[in-house]
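Novice: Got a structure here, written out as C-alpha cells. Questions coming.
Read the figures in this text as sums done on the coordinates, not as results from a lab. Everything numeric here is computed off the predicted structure, so don't read it as measured data. Please note: Cβ atoms are built from the backbone with ideal geometry, for glycine as well, and neighbour counts cover all protein chains shown.
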Amino acid sequence: MSEVLDRSKNSAIRTGIATGIVDCDIHPTMRSQAELHPWLPERWRKHLAEYGLQARVPFTTGTQYPKAAPATARRDAWPPNGGPPGSDLSFLQAQLLNANDIAIGMLTPLHGSARNTDLDAAYCTAVNEWQLERWVRQDQRLRGSVIVAHEDPDLAVEEIARRADDRSFVQVLIPSKTNEPLGRKRYWPLFAAAQAADLPIAVHVNSVGGGYASTPSGWPSYYLQDHHINVHSFQALIASLVLEGVFEKFPRLRMVMIEGGFAWLSALCWRLDQQWALMRNEVADCKRPPSEYIREHIWFTTQPMEEPEQADHLRDTLTWIGWDRIMFATDYPHWDYDDPRNAFPIRLSPAEHAMIFRDNAMKLYRLHSE
Amino acid sequence: MTAPFGAIDCDLHVAVPGMRSLLPYMSQAWQEMITSRGTDGLELASYPPGAPLSCRPDWRPTAGKPGTDLAMLQRQALDALGTRAAITHCLHGGQAVHSEDLARTLCQAVNDWLVVEWLDREPRLRASIVVPMQSPTYAAEEIERCAADKRFVQVQLLAAGEMLLGRRYYWPIYEAALKHDLPIGIHAGSAFRHAPTSNGWPSHFVQDYVGQTMGFEAQLLSLMGEGVFNHFPGLRVVLIESGVTWLPAFLWRAIKSWRGLRSETPWFARSPAELARQHVRLTMQPFDAPGAAEVKRLLEHIDGDHMLLFASDFPHWHYDGIQALPPGLPPDLVHKMSVDNPMATYPRLQETLS
C-alpha cells in the first residue's frame, strides 16, 4: 500500500502567506458530457453519442493504464452530491480554494483530443464556454485556459482569436504529447496567435497524444512506469521548440509546463548545450545555447514535486533552473495532489515562498494589472 | 581531468568497415545470400559516421570509417590515455535488422570478427558480446557460444529496441548472462522500432542523441518494475554512453511514484535508488555537466561513487586532448572509477588481468 510521509512536525514549512497563493493546475470536470450540450451543435452531440471521441487507445472510455484510484482522484475528493471529483463548484471551493487560501486558481480542463479535428475544435469551443459559464463567472478566483484543436492550427487560431480579449482566460492550453514534435512549423500559427494575444501557451502532461509509444522501446506495462515516463514528452517538446528555432521566430512567446515536474531540466539543458556546441550546423535556426532560450521563455509548475533522498538537494535544482521560473500547483482533485502546506520537502525563505506560491505566476499571467 | 595511468576504459568503439569484412565469418549459404542481395550499409543511424559526435576531428581517419583502424586506436586511445585494458563496443545493425535469422548470422559474424581482428591482435582489448536481441533464444545461444572466451566480458544490448528490456520475454538473455558472470551492457542507440520520442520523430540528429537519456530512464524503470532484479539478484546492468547527470532527478521522481504506486507491482519492494545502487553502473562519457561546481553537487546527489566507470568513448567527441574525465572529481574517486569499479563490475577482468 501507499506510504504516507508525515511532514506535519516540520512547522517552518507550513507558513501560508497572508495574501493567498496562486494554484496553477486545477482540473474541473463534468458530471456528464451533457453539460456541454448548450454549446455543442446537434451534429457533434449526435456524433459523440454514436462514435465517441475516438482517442488513440484500445478502449472506448477506459484508460490503457488503470490508474491509482477511481477517476485518478483523491479518495476524499468525491463531492457529496454524487458527481465525479472536480465537478462541483461549492465542494471545490470548500476543499481546495478556501481550505488553502488560494487567491487565484488556473483551470486546466483535460478534454482528450478527438482524432477528427473538426469535432475537436467544436468540442474545445464548448469546453471553453463551459469554463466561463460554470466556473469562471461563478467564482472570481478562477481563471480559464483556452483549449484548442492544436492538431489543426487554423482552427486553433480561430479559437484563440475568439478568446484573446477576454481576461477570464489567462493562457492557451495544449497537451504535452502532440502528433509531431511541437517545434515543427505546422504548429507555428499557434505560437503566432498566442504571442499576438500575449497569452502564454501552457502544456499539460497527457498519456496518449499522437499515439506514439511513450518510450523509444515501446509501451510500458504498469501505471507506475506510465505515470513517470509521460513527463518525457516535456523533454521532447522543449528540445524540439528550441532546436527548431521557435523562440527565435517568436521572441515574446512564453510557455508553461504543467505537471511534468522540473528536476530533470538541468541535465537536459546541459546536454542540449553540449550537443548544440558540437553540431550547431545541423540546427541553424537555434542561434544561441539552448539553455538560454529555455531560461527566458519557459516556466514550470511544481506538482508532482520531485522528492530528493536528501531534501536540500532540491535547492541546487531550483537554483540551476531559476527561482523565478517555478510556480506552485496542486493538481486538484487528482490522487497525486500536492498540498501547499507540505508539498515542499525543503524549508523556503519567505521571499522564496512568495515567488513560487504567488509572485512568479502573478508576473507571468500579468495578474497585477487586473 | 585526465585518467590515471593504468585505467580501465569501459567504453571504446570499434566498427565493422563493411559487410565484406564479415563474410569470412559466415556459412557459404549466408555469404551467397548476402552477396546476391547486396546486403550492406548496416551502420546504425544513431551514429552517422560523418556526424561530429561520431568521431573527434583529430581522431578521424583520412579514409574509411572511424574506429576501423587498430593502429589508430592503439595510438590515439590506448597509448595516449595510458589504458591498461579497454572494453570495446561494436555498434552494428545486426541488432536492428527485422529478420531473427539474419540478426543471428550478423551478430555471430561480428563476434568472431572481433576475436580475430581485435582481441587476438591487441592484448589490452576486451569485448562485449553483440547479441541478436530480436530473439532472446538466439541471444542466449550466442552468449553460450562466446562465453568460453574470457576476453568477452559483457553482453551488449541496444538501448532502444522492440520492447522494454524488463519484459519477461527478454529474461533468457539475463539468465545466460548471469550464468557466465557477464554484466548486461546497455549501449545508447536505437533499432528505430518506435519513434525516438513520445511526440514522434524529431527533425534533427541532435535531438535524437540528447533524448537517449529518456530511453535509458525507461529501461531502468522497466527492469525495476517488471522484477528483473528480484528474479536475478546477481544481475548487473551497465548503462553505456547514457549520460550521467539525469540519474538523480530520475531517481527522485521514481521514488515518489514508487511510494504511491508500488501496490501494482508488489515484488518491487525496494526503492528505485537502492536497486540502482546495487545493480546499475554508468560509464562516465558523456557526463553532461557544465563545470566543476555542478559536478561536485551532482556527485553528492548521485551518492554512489561505486556506480561510476571510467570511459573514453573513443572515438566519439565529448572532450579534447586527453581530458577524458569531467572536471572537479576528487582524486580518490578518479582512482576508484578508473580501476576498482571496473574490476568489481566485470568479474572476467579480474580473471584475465590479475
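Novice: Please give the Cα centre distance for region A:310-370 versus region B:40-107, rounded to the nearest Å.
Specialist: So the separation of the two Cα centres works out to 46 Å.
Novice: Assign one of three labels to region A:33-161, namely rounded, prolate or oblate, based on the Cα gyration tensor with a ≥ b ≥ c the square roots of its eigenvalues; rounded applies when a/c is under 1.5, prolate when it is not and a/b is larger than b/c, and oblate otherwise.
Specialist: Because a/c hits 1.5 or more and a/b fails to exceed b/c, region A:33-161 counts as oblate.
Novice: Using a simple spin-label model with points 7 Å from Cα along the Cα→Cβ vector, what separation in nm is obtained for residue A:315 and residue A:188?
Specialist: About 4.5 nm separates the two model spin labels.
Novice: Which residue fluctuates most in the GNM of chain A (Cα springs below 10 Å): A:193, A:73, A:277?
Specialist: Residue with maximal mean-square fluctuation among A:193, A:73, A:277: A:277.
Novice: Using amide H atoms built in the peptide plane, which far-off residues or other-chain residues are under 5 Å from residue B:239 H to H?
Specialist: Close amide H contacts, sequence-distant or interchain: B:186, B:281, B:282, B:283.
Novice: Determine which residues of region A:113-156 fall in the zone a paramagnetic label at residue A:64 would reach in this model, i.e. backbone nitrogen under 18 Å from the point 7 Å along Cα→Cβ.
Specialist: Once the point is set 7 Å along Cα→Cβ of residue A:64, A:113-116 turn out to lie under 18 Å by backbone N, inside region A:113-156.
Novice: Among B:343, B:337, B:163, which comes first, then next, by fewest other beta-carbon atoms within 10 Å?
Specialist: B:343, B:163, B:337
Novice: Okay, next question. Within the set A:177/B:179; A:287/A:363; A:177/B:296; A:287/B:296; A:177/A:287, which residue pairs have Cα atoms separated by over 32 Å?
Specialist: On the way: A:177/B:179 42 Å; A:287/A:363 27 Å; A:177/B:296 35 Å; A:287/B:296 30 Å; A:177/A:287 26 Å.
In this structure, A:177/B:179; A:177/B:296 exceed 32 Å between Cα atoms.
Novice: Still on this structure, please answer the following. How much net charge surrounds residue A:237 when only the other residues with a Cβ under 12 Å from the Cβ of residue A:237 are counted, with Lys and Arg +1 and Asp and Glu -1?
Specialist: 0
Novice: Additional query: Please give, to one decimal in nm, the separation of the simple spin-label points placed at residue B:21 and residue A:94, each 7 Å out from Cα toward the Cβ.
Specialist: My value for the distance between the label points is 7.4 nm.
Novice: Please rank A:117, A:215, fewest neighbouring Cβ atoms within 10 Å first, as an exposure proxy.
Specialist: A:117, A:215
Novice: What shape does chain B have by the C-alpha gyration tensor, where a ≥ b ≥ c are the square roots of the eigenvalues, rounded means a/c under 1.5, and otherwise prolate means a/b greater than b/c and oblate the rest?
Specialist: Rounded.
Novice: Roughly speaking, what is the centre-to-centre gap between region A:271-298 and region A:77-97 when only Cα atoms are used, to the nearest Å?
Specialist: 44
Novice: With a/c under 1.5 counting as rounded, go ahead and sort chain A into rounded, prolate or oblate using the C-alpha gyration tensor (a ≥ b ≥ c being the square roots of the eigenvalues; past the cut-off, prolate if a/b is larger than b/c, else oblate).
Specialist: Note, shape of chain A comes out rounded.
Novice: Quick one: divide the alpha-carbon radius of gyration of region A:204-298 by 2.2 N^0.38 Å and tell me what you get. List each step's numbers first, then the result.
Specialist: Details: Rg = 14.3 Å, N = 95, 2.2 N^0.38 = 12.4 Å.
With N residues counted in region A:204-298, Rg over 2.2 N^0.38 Å equals 1.15.
Novice: For residue B:259 and residue A:75, what does the FRET efficiency come to when R0 = 25 Å and r is the distance between their Cβ atoms, rounded to the nearest 0.05?
Specialist: Once rounded, the FRET efficiency stands at 0.95.
Novice: Compute the signed sum of charges (Lys and Arg +1, Asp and Glu -1) over the other residues within less than 11 Å, Cβ to Cβ, of residue B:93.
Specialist: -2
Novice: Can you tell me the dipole magnitude for region A:17-364 around its Cα centre, using point charges on the Cβ only (Lys, Arg +1; Asp, Glu -1), in Debye to the nearest 20? List each step's numbers first, then the result.
Specialist: Numbers: 34 positive and 43 negative charges, 64 e Å.
The dipole of region A:17-364 has a size of about 300 debye.
Novice: Test of understanding: given chain B, find the longest segment containing no chymotrypsin sites (Phe, Trp or Tyr not before Pro) that are in a DSSP loop and have at most 15 other Cβ atoms within 10 Å.
Specialist: Result, exposed sites excluded: B:6-266.
Novice: Here is a further query. In deg cm²/dmol and to the nearest 500, what is the mean residue ellipticity at 222 nm of chain B if only DSSP H runs of at least 4 residues count, each as -39500 (n - 2.57), divided by the residue total?
Specialist: -10000 deg cm²/dmol
Novice: Suppose R0 equals 51 Å; then what is the FRET efficiency for residue B:333 and residue A:101 from their Cβ-Cβ distance, rounded to the nearest 0.05?
Specialist: Numbers: r = 47 Å, r/R0 = 0.92.
For R0 = 51 Å, the calculated efficiency reads 0.60.
Novice: Determine the distance separating the Cα centre of region B:294-344 from the Cα centre of region A:172-223; give it in Å without decimals.
Specialist: Distance between centres, Cα-based: 36 Å.
Novice: To check my understanding: the extent here is largest minus smallest coordinate of the Cα atoms along each principal axis. What are those three numbers for the protein assembly as shown, in Å, largest first?
Specialist: 79, 57, 49
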